[in-house]
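First up is the structure itself, then whatever we jot down about it.
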Amino acid sequence: MPAWADIPGAETLGLTDTLPEAEREEVPAAALAQADGEPALFLRWGGRQALAVLAQQSGENRMWRSAGGVVVATDGARVVATAGLRTWLAATRLDGPDPLDEPLLLDGREVALRRQVDLMRSDRSPEGMRFGVSLSCRLRGALVQPEAGPVALLITERCRGGGESFANRFWADPQTGGIYRSEQWIGPQGPMWVEVVNPPAS
């Protein structure tokens, strides 16, 4: 894996050094070759995996698309919508600013966040739609030291509501706050792992 400082636009995510090794997930060589230096995310969910390249960007709002038709929308590091899966995360609305916008402020602190999500099945059947699922979340950051490699800032977000209970995890560079890996709930089907292969420009 090359140093992030060598990749144009890395500074916009705070990724200006090599990644901390905490729970590193190896990105297959084929995916790295497919990305070919372009902004891309490596996604894993439910035993499947895909490389998603940047398809659209407006500030921190980005849309990533895989060759197989999986689409992930992100706002900063947070996945806010998906498509092309069995169940879609159709929309996400936050009550207030996202604490993930300032990851370093979460080190040793706990912050509350409320958000609402809309879910639907891929067939868009009315019985598979759930709108306005209210989630109460608490985020807390802590430095973690892997057996090998530098320290990383691990942010854990525990959420409950609408019959759901889950924990998201975000790994950030403790110097810059750049989030380079996450495990995020995307609906009843479970979590999605998101690894930054090449960060986008601003």
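For the chain, what does the alpha-carbon gyration tensor say about shape, rounded, prolate or oblate, given a ≥ b ≥ c as the root eigenvalues, a/c under 1.5 as rounded, and a/b over b/c as prolate?
It comes out oblate by the Cα gyration axes.
What FRET efficiency would be calculated for the residue pair residue 165, residue 60, taking the C-beta separation as r and a Förster radius of 25 Å, to the nearest 0.05?
The value I calculate is 0.35.
Starting from 0.36 nm per residue, how many nanometres of slack lie between residue 83 and residue 175 once their C-alpha separation is accounted for?
29.8 nm
For the pair residue 105 and residue 156, how long in nm is the line joining their label points, each one 7 Å along Cα→Cβ?
So the label points at residue 105 and residue 156 sit 2.3 nm apart.
Size of the dipole of segment 99-163 about the Cα centre, Lys and Arg at +1 and Asp and Glu at -1 on the beta carbon, nothing else charged, in debye to 20?
320 debye
In angstroms, what radius of gyration and Dmax does segment 95-201 have, counting Cα atoms only?
Taking only Cα atoms of segment 95-201, I get Rg and Dmax of 15.5, 49 Å.
Rounded to the nearest percent, how much of the accessible area of segment 67-155 (1.4 Å probe, protein heavy atoms only) is carbon and sulfur?
Carbon plus sulfur share of accessible area: 52 percent.
In 5 Å bins starting at zero, report the fraction of Cα pairs in segment 33-80 per bin as a rounded %.
5, 22, 32, 25, 13, 3, 0
At 1.4 Å probe size, with every protein chain present, just tell me what the per residue accessible area of the chain comes to in Å².
Result: 48 Å² per residue.
The values are calculated or read from the model by the stated rules, or taken from the named source; none is laboratory data. This structure is a prediction, so every number in the text was calculated from the model and none was measured. Using ideal geometry, Cβ is built from the backbone for each residue, glycine included, and neighbour counts are taken over all protein chains shown. Ligands, DNA and RNA are stripped out before the accessible areas are found, and what is left, the full protein with its side chains, is counted by its heavy atoms. Shrake-Rupley method; radii C 1.70, N 1.55, O 1.52, S 1.80 Å.
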